[in-house]
1. Yes or no: segment 130-145 includes at least one residue that is farther than 30 Å from L21 by Cα, exposed (fewer than 10 other Cβ atoms within 10 Å of the Cβ) and not hydrophobic (A, V, I, L, M, F, W, C).
2. Quick one: count up the residues across segment 65-91 that are farther than 23 Å from Y32 by Cα and at pLDDT 85 or above.
3. When both residues are 6+ apart or on different chains and their Cβ atoms are under 8 Å apart, which pairs have a first residue that lies in segment 90-103 and is in the same structural domain as T18 (by TED's automatic domain parsing) and within 9 Å of A15 (Cβ to Cβ), and a second that is among the β-branched types (V, I, T) and assigned to a helix (DSSP H, G or I)?
4. Would segment 3-24 turn up any residue that is exposed (fewer than 10 other Cβ atoms within 10 Å of the Cβ), in a loop (DSSP other than H, G, I, E, B) and at pLDDT below 60?
Amino acid sequence: MPLLPIYKKKQGQIARWTTFLTLVALWLFATYKCFNGFPDWDWARTVYVDGIIIPLIDYQMPEVTPRLLTSLGIGFFLIIISAYLCFLSQKTSDFLIDTESEMRKVSWPTMREVVKSSTVVIVAIVILALYLFVVDIGFDSIFKNVF
């Protein structure tokens with residue numbers, strides 16, 4: 001028996017993995033922004049190791065600093081929390097399983113229906129924009145003549 005068994009392992013796999021990978025992408029982006037977004041961290045300027053060069057892609061890794069380690073630690077912690085929520089938490093897992101089962105019941109529109117609906121929306125937006133433009137010009141001329 002595994003140390004942490006996955007709750008209802010065979011159910012809701014698409015919704016769980018999609019949610020988990022989306023959260024991982026968000027956490028990685030947040031970690032990157034955290035690392036690059038705080039240039040005034042004075043305590044983080046200490047360099048422990050020189051940058052590492054990856055020769056095949058001609059990319060130099062950033063220097064290992066407390067700021068990098070803090071950012072990676074926070075990102076790793078958030079990824080672990082996401083994995084727990086998506087695969088081990090009963091409430092979240094049941095929600096994702098129910099979401100996937102409901103999404104299978106949805107009647108998805110055909111491409112032709114999507115094109116027709118989008119055309120109607122675009123035409124309505126253009127007509128509304130023209131109407132507001134004319135009204136704006138009218139009010140502008142009225143207020144210029146009054147004041």
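The values are calculated or read from the model by the stated rules, or taken from the named source; none is laboratory data. Everything numeric here is computed off the predicted structure, so don't read it as measured data. Methodologically, a virtual Cβ is constructed for each residue, glycine included, from the backbone with ideal geometry; neighbour enumeration extends over all protein chains shown.
1. yes
2. 1
3. From segment 90-103, the pairs are L96/T19; E100/I14.
4. Yes, some residue in segment 3-24 is exposed (fewer than 10 other Cβ atoms within 10 Å of the Cβ), in a loop (DSSP other than H, G, I, E, B) and at pLDDT below 60.
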